[in-house]
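Questions regarding the structure given below will be posed in turn.
What follows is calculated from the coordinates using simple rules that are stated; it is not laboratory data. Since we're looking at a predicted model, the values are computed, not measured. Quick reminder, even Gly has a Cβ in these numbers, built from the backbone with ideal geometry, and neighbours come from all protein chains shown.
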Amino acid sequence: MESELKTKRLRIGGMTCISCQNKIERKLRNTAGVKSADVSYGAGTATIAYDANIITMREIEAVIEKLDYHVLHGNGLQESNISHVVGTLVIVVSLYMFLQQFGILNLLVPNQLADTKMGYGMLFVIGLITSIHCVAMCGGINLSQCIPRGGAKRSGMSTFVPAFLYNLGRVVSYTVIGFLLGFVGLLFSSGSEVGLPVMTQGILKLIAGVFMVIMGINMLGLFPWLRKLNPRMPKIFARKIGAEKVKSKSPLIVGLFNGLMPCGPLQSMQIVALGSGNPIAGALSMFLFSLGTVPLMLGLGSVVSALGKRFTQKVMTVGAVLVVVLGLAMLSQGGSLSGFLPPDILLLIILALCAAGVVSCLPFQQPTHKTISVVAALGITVVLLVSWNGLNASLDGDKGSPSAANDGIQVLDGKQVINSTLSSGKYPDIIVQAGTPVKWVIDAPKGSVNGCNNKMLINDYGIEYSLKTGENVIEFMPGKAGTVQYNCWMGMIRGSIKIVEAGAVIDDGSAAADSR
């Protein structure tokens, strides 16, 4: 029988990263009757050449569906409707603002990893959250290493050993890569004990945060066009590594290859390991992150059968939302450390991008109309938010009640002496007058100084001050009226210095205290 070659281009929904592309492509190419398959995660498509006398398009679609992806039909180009996109973005932004406002995000993101006292426990938590993605991407390979071959039966520990070896390989691979990246960071920091410069750490955290946000949004499937920005390994290397994983008969070897696979959360943590500037810290950070992914991967078979696909998808959606929120938190840290992105500007950018994203989902007849509308949405949102912030600042000025308050203010020897008290989870906000030198006395009670707040960075004045228990003195010359933001060395804890015009009356809270 002569072959009847046909070519079909399908749109595929449910892909969350480049590993999905490789997974579908590999399965199709090993399917009888399929001559070639070229899957594009960025475009969300699969171009398939097949012999219609051997396999039908319906059967090809069934192969894709069995991999837990779905073939999209119809003329609509959007996988998500507008209400779903808007609702999801509202949840993400609201959750981020809530956690940020109450300082909870400070506990959920990794700090500078050279400090062994802080943040490692939360790396394990991040691993737990992103392990949902690991199940989706590597679950099939994990299960393939646990299923007996040749009809053999396993009992007792023999059923657990393959899964243990596979996950042991993953942990070893991640740890070794973390060590190597930490060593590279050490070289760039010229062997400094404090690791990479603060600005470099901030830039790396910005990059890691962007990767995590993009990864989470792609897991949610909100904006298919954003897939093109997902971090990925060159296609030829990803295919070869994936092929070696499939061919290998040793679960340990397959697990070792996992550290080389393209994965958004993994690559974000690798950037953080690089930023540690310390091989041991880099290895430990990746080790704990990988440990966080182990519990769900070890219990994959029972979890999938117990929860069912529908519930598993809901859990994966919750995990994707948390990945985005953690990415935004890392962006906030990186912005503070680098000085490029203050928290209020970051929030403005987030809201503007959300508005532009929603507009991009609207059905437009002409591509140029969509482009113009997206740009207009960005501009209008920025103008409205800037105007709102300006109005609030003006109202505060009219009231003459600045939002900051000092413990005590006095002028001695031509210097403004500001007294503040340090707390373990918050920096004091202070008010000073422009043009007069400041002597800032910070009292740090016993137990108030910790691994996070022990170094204060005031980038505008080039100040890096290490706090100690007892009295601390910081001196600087305030510039023109405005607000100067400062933060800890990890970008987690922040405070503000409000500068008012010379001669302005500063409310230090004493009047309110007297009235009580």
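Pairs LYS205/LYS314; LYS455/LYS498; LYS446/LYS480; LYS205/LYS228: which are spaced more than 32 Å apart, C-alpha to C-alpha?
LYS446/LYS480
Can you list residues whose amide H is under 5 Å from PHE476's amide H, if they're 5+ apart or on another chain and H is modeled 1.01 Å from N?
VAL438, TRP440
If each of VAL411 and LYS8 carries a label point 7 Å out from its Cα toward its Cβ, how far apart are those two points in nm?
8.3
Moving on. Taking Cα atoms of segment 5-72, Rg/Rh with Kirkwood Rh, to two decimals?
Result for segment 5-72 is an Rg/Rh of 0.92.
Give me log10 I(q)/I(0) at q = 0.19, 0.23, 0.24 Å⁻¹ for segment 408-515, Debye formula, one equal scatterer per alpha-carbon, no solvent.
For segment 408-515, the Cα-only Debye profile gives -0.99, -1.36, -1.43.
Can you count the Lys pairs in segment 5-72 with C-alpha separation below 17 Å, eight or more apart or on different chains?
Lysine pairs satisfying the spacing and distance rule in segment 5-72 number 7.
Same structure again: By count of other Cβ within 10 Å, fewest leading, how are ASP413, ASP344, ASP429, ASP443 ordered?
The fewest-first ordering by Cβ neighbours comes to ASP413, ASP344, ASP443, ASP429.
Quick check: residue separation of GLU501 and SER83 times 0.36 nm, minus the Cα distance between them. What number comes out in nm?
145.7 nm
What FRET efficiency comes out for LYS228 versus THR47 if R0 is 22 angstrom and r is the Cβ-Cβ distance? Round to the nearest 0.05.
0.85
If each of ASP68 and ILE463 carries a label point 7 Å out from its Cα toward its Cβ, how far apart are those two points in nm?
If labels sit at ASP68 and ILE463, their model points lie 5.2 nm apart.
Can you give the FRET efficiency for VAL386 and LEU362, using 1/(1 + (r/R0)^6), R0 = 25 Å, r = Cβ-Cβ distance, to the nearest 0.05?
Calculated transfer efficiency: 0.55.
From the phi of every residue in segment 435-450, what ³J(HN,Hα) in whole Hz does the Karplus formula 6.51 cos²θ - 1.76 cosθ + 1.60 yield, where θ is phi - 60° and glycine or proline is x?
x, 10, x, 10, 10, 9, 9, 10, 8, 10, x, 4, x, 7, 8, 9
On alpha carbon coordinates alone, what is the Rg over Rh value for segment 319-371, Rh being the Kirkwood radius?
1.13
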